[in-house]
Amino acid sequence: MILSELKNKHLSLDDAIYKRKSFKEKSITVGLCHGTFDFIHLGHLRHFQEAKSNVDILFCSITPDEFVIKGDGRPFYKQIERIEYLASLLYIDYCFINNSPHAIAMLKKFQPDIYFKGNDYIEHAKDPTGNIGAEVESVESSGGIIHYTNDIQLSSTDIINNYLKDK
């Protein structure tokens, strides 16, 4: 994939919302994955693969650098780098940076048909951000559904803290 193609996959939040609305008018099923995606691992790849297999178009949004609350020196990769490597993945059709500390307001505007989260979010009480319940409510209020992907569960934070932090 050449650099110009990657840039075409990286949208502003407003452009992503506009593009999503145009897909909705054409009855094209749109999914959304959201997270920090600080260090891509096999669990993320399988998450994106399963998500893409359930929709026509898959968007991925990330938390901006200033709102990542995973500890000192985080995010490991800055938002422009995270967007670049997400855009290079064949499962993801478009990606964008959410301009907020959480996904709730963005989800109300974006209105995905399916919102994908990993199986580590099934038990809402264990969500470290405390936002998953409100995210699900935002998605369902616009007629969307949540889908918890069910594959290998790994942690970018554990990988970074245990193997990369001092490198």
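Might you check whether a residue that is in a strand (DSSP E or B), surrounded by 14 or more Cβ atoms within 10 Å (Cβ to Cβ), touching a Gly at 6+ places or on another chain (Cβ under 9 Å) and modelled with pLDDT of 95 or more occurs anywhere in the range 44-58? The answer is yes, given that some residue of the range 44-58 is in a strand (DSSP E or B), surrounded by 14 or more Cβ atoms within 10 Å (Cβ to Cβ), touching a Gly at 6+ places or on another chain (Cβ under 9 Å) and modelled with pLDDT of 95 or more.
Restricting the range 115-132 to residues that are in a helix (DSSP H, G or I) and surrounded by fewer than 13 Cβ atoms within 10 Å (Cβ to Cβ), the residue that is modelled with the highest pLDDT is ALA125. Mind checking whether some residue in the range 148-162 is surrounded by 14 or more Cβ atoms within 10 Å (Cβ to Cβ), part of a helix (DSSP H, G or I), out of contact with any Phe, Trp or Tyr (no Cβ under 8 Å at 6 or more places or on another chain) and at pLDDT below 95? Yes, the conditions are met somewhere in the range 148-162. In the range 104-125, the residues that are touching a residue at least 12 places away in the same chain (Cβ under 8 Å) reach residues that are among the small types (Gly, Ala, Ser) and assigned to a strand (DSSP E or B) with C-beta atoms within less than 7 angstrom, at least six apart or across chains, in these pairs: MET106/SER61; PRO112/GLY31; ASP113/GLY31; ILE114/GLY31; PHE116/GLY31.
Screening ASP72 with (1) surrounded by 15 or more Cβ atoms within 10 Å (Cβ to Cβ); (2) not in a helix (DSSP H, G or I) gives one miss only, at (1).
The values are calculated or read from the model by the stated rules, or taken from the named source; none is laboratory data. Owing to the predicted nature of the structure, the values given are computational and were not obtained by experimental measurement. As a convention, Cβ positions derive from the backbone with ideal geometry for all residues, glycine included, and neighbour counts pool all protein chains shown.
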